[in-house]
Amino acid sequence: MPLVVCPTPIGNLEDVTLRVLRELAEADLVLCEDTRRTRILLDRHGIQAKLLSLHRHTEARRTDEILPRLEAGERIALASDAGLPGMNDPGARLVAAALAAGLEVTVLPGPSAVETALVASGLVGSRYTFLGYLPRSQAGRDRLWEELSGWTWPAVAFESPRRLPASLAGLAAALPDRQVAVCRELTKRFEEVVRGSAADVAERFRLPPKGEVTLVVGGGAGGASEEGADAALAAVAKLVAAGAPRRAASDVVSSLTGVARNRLYRGSL
């Protein structure tokens, strides 16, 4: 029997699919990130099931326990608190181990905060990059914003409400005109999607909001080539030599060329 990966609602409990409900009801065992959260979903839909926790602290041990049960023919469902298990949630290790052992793994389609936020942002294109959670350090985020300065496609990331103001402030400093969307409490009662330039959205979230946050950063107009970046740095150097403040010169050249302001500022030191 297969391991069945079951996406669960990211907010509204009615967003679960009929197929997921059937698999959860028929499974011999349901592995879940938090048994209390999954029990709420099952009770809402009148499902009785045996639950066992599988989270980041127990995934290695649980994997060793579950593989023999799968090999013995048990039907086991895997769920996380919200969305698709294995995507920034526990489960990837178990899936990889099951596949390596030659066991069948079935992944069901279902809710995803990444795609929901991307479409809601209005910034969707032919491709995107999922970043997971943003770096915790400011230096790590600064490096990320510099990398994003050359991307012409959108990026989607998770961020904690507590760190969101600092992350947006850094993004606004590096790419003030880049279009972004903060998607908060998706599919829940107080869902909110705030769209605008990085500078405007950073001003809107000067204080931490409540609830879960997904951030979408739109693609740039075209990203500069290395030759273009070198030319931009040379332009900053000329402005500074003519008496312009280095930060102001970096701001002006960044707005004209699309090269990240931080890159120009540091590169001209």
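Key figures for this structure:
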| quantity | calculated |
| --- | --- |
| Residues whose placed amide H lies under 5 Å from that of residue 47, excluding near-sequence neighbours | none |
| MRE, 222 nm, helices only [DSSP H, n ≥ 4, -39500 (n - 2.57), over the chain, to nearest 500] | -12500 deg cm²/dmol |
| GNM top mover of 68, 165, 209 - the chain, alpha-carbon springs below 10 Å | 68 |
| Relative contact order computed over the chain (Cα-Cα under 8 Å; 6+ residues apart), in percent | 18 percent |
| Dipole-positive endmost among 166, 123, 208 within segment 113-217 (Cβ charges, Cα centre) | 208 |
| Assigned charges on the beta-carbon of Lys, Arg, Asp, Glu; segment 3-107 dipole about Cα centre (debye) | 160 debye |
| Theoretical FRET efficiency, 1/(1+(r/R0)^6), r = Cβ-Cβ of residue 127 and residue 48, R0 45 Å, to 0.05 | 0.60 |
| Spread of Cα-to-Cα distances over 5 Å intervals beginning at zero, given as percent, for segment 226-267 | 5, 32, 40, 18, 4, 0 |
| Size of electric dipole in the chain: Cβ of Lys, Arg +1 and of Asp, Glu -1, about Cα centre, debye, nearest 20 | 840 debye |
| Degrees separating the helix 164-174 axis from the principal Cα axis of the chain, which is the longest one | 40 degrees |
| Under Karplus coefficients 6.51, -1.76 and 1.60, residue-wise ³J(HN,Hα) of segment 118-135 in Hz, glycine/proline x | 4, 5, 5, 5, x, 10, 5, x, 7, 8, 7, 10, 9, 9, x, 7, 5, x |
| Residue with peak Gaussian network fluctuation, the chain [Cα springs, cutoff 10 Å], from 58, 116, 152 | 58 |
| All-pairs alpha carbon distance profile, the chain, 10 Å steps from 0, percent | 7, 26, 25, 20, 13, 7, 2, 0 |
| Charged-residue dipole, Cβ positions (Lys, Arg, Asp, Glu), segment 160-269 about Cα centre, Debye nearest 20 | 440 debye |
| Centroid-to-centroid separation of segment 84-98 and segment 16-66 [C-alpha atoms, Å] | 14 Å |
| Extent along principal axes [Cα atoms of segment 3-107; Å; largest to smallest] | 35, 26, 20 |
| Cβ-derived FRET efficiency at R0 45 Å, residue 269 paired with residue 75, nearest 0.05 | 0.15 |
| Segment 130-269 - convex hull of alpha carbons, volume per residue in Å³ | 98 Å³ |
| Spin-label pair residue 244/residue 57, simplified geometry with 7 Å Cα→Cβ offset, distance in nm | 5.5 nm |
| Gyration tensor (Cα) of segment 7-52, equivalent ellipsoid semi-axes in angstrom | 15, 12, 9 |
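Every number here is computed from the coordinates shown, using simple stated rules; none is lab data. Not measured: the values here are computed from a predicted model. Reconstructed Cβ throughout: ideal geometry from the backbone, glycine too, with neighbour counts over all protein chains shown.
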